[in-house]
1. Within 10 Å of each candidate Cβ there may be at most 16 other Cβ atoms; applying that plus a DSSP loop requirement, which GluC sites (Glu not before Pro) in the stretch 64-95 survive?
2. Out of residues 5 or more away from Ser130 or on other chains, whose amide H comes under 5 Å of its own, with H placed 1.01 Å from N in the peptide plane?
3. How much accessible surface area, in Å² rounded to 10, belongs to the heavy atoms of Thr153 with a 1.4 Å probe?
4. Out of all DSSP beta bridges with both ends in the chain, state the antiparallel percent to the nearest 5.
5. Classify the stretch 6-56 as rounded, prolate or oblate from the Cα gyration tensor: take a ≥ b ≥ c as the square roots of its eigenvalues, call it rounded if a/c is under 1.5, otherwise prolate when a/b beats b/c and oblate if not.
6. Accessible area per residue of the chain at 1.4 Å probe, in Å²?
7. With unit charges on the beta carbons (Lys and Arg positive, Asp and Glu negative) and the dipole taken about the Cα centre of the chain, which residue among Thr68, Leu115, Val14 sits farthest to the positive side?
8. Give the range of the longest stretch in the chain that excludes all trypsin sites (Lys or Arg not before Pro) found in loop regions by DSSP and having at most 15 other beta-carbon atoms within 10 Å.
Amino acid sequence: HGEHVEVMRVLHRVENGEEQERTEVLEGAPRQFLRQGRDVYCHLPDGRVRLEKNAPSRFFPAILPEKTAELAGQYQPELAGIEKVAGRVAQILRLKPRDGYRHAYEFWLDRRTGLPLKARIVDASGVNVSMFVFSEMQIGSAPDASLFKNDLTGKRLFQASTELAPEGLWQVAPPPGFVLVQSAMRSLPGKKLPVTHQVYSDGLSALSLFIEPAADSGISFKGLSALIRKPVLP
């Protein structure tokens, strides 16, 4: 992201129909993400483990949606050239946004398996927002199941989202093509009460929205606002 670079190790396997994934950050503070089906455990360096149930977000390379046909209404697909990534031949696929509500995407797809070997998000000025790329990889043999053991010994487990947010509490009009994919109550640092967290997605891009009730301090809202009154006709 920008000038910030992280090196990670990603392990992936499927056992009895359940997807398992382990992502380790190899630089800086030690962090580890373990996906078991739809649940993601984040092991933090202070001994805490954050549990995200029914997590909609995915780690690279599992970032392409299952139903790619739905993206055609929001992105213009375009095949580019052929390049090598991590020693493998890849087909470049570009997805250009049809409006100004989302960034452009570029994918380098392994011609043999279709696996994304490299992904890049580009803004309207052509500047890289973020990029993922494999430096080396192994395909074809699943890592040993013991590498996906979720060791919680001596750890403090807490759940990131406390409960589902009440339906119909807030009315939100997201940009075209974005639909609600997750709504939950979350506890945030510095906040006495849980806040509503809503995630909207078009299948590729995601938009996070955090909503909290106004503080009952007797102070009126400060900031830019608009009030439109309709004339009353006799």
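The values are calculated or read from the model by the stated rules, or taken from the named source; none is laboratory data. As the structure is a computational prediction, the values presented were derived from the model and not from experiment. Methodologically, a virtual Cβ is constructed for each residue, glycine included, from the backbone with ideal geometry; neighbour enumeration extends over all protein chains shown. These accessible areas exclude ligands, DNA and RNA; they are computed on the full protein's heavy atoms, side chains included. Shrake-Rupley method; radii C 1.70, N 1.55, O 1.52, S 1.80 Å.
1. Qualifying residues, ordered by number: Glu66.
2. Ile121
3. Probe radius 1.4 Å; accessible area of Thr153 about 110 Å².
4. Taking every DSSP beta bridge within the chain, about 95 percent pair in antiparallel fashion.
5. The shape class here is oblate.
6. With all protein chains present, the chain gives 69 Å² per residue.
7. Working it through, the farthest residue towards the positive pole turns out to be Thr68.
8. Of all site-free stretches, the longest is 1-37.
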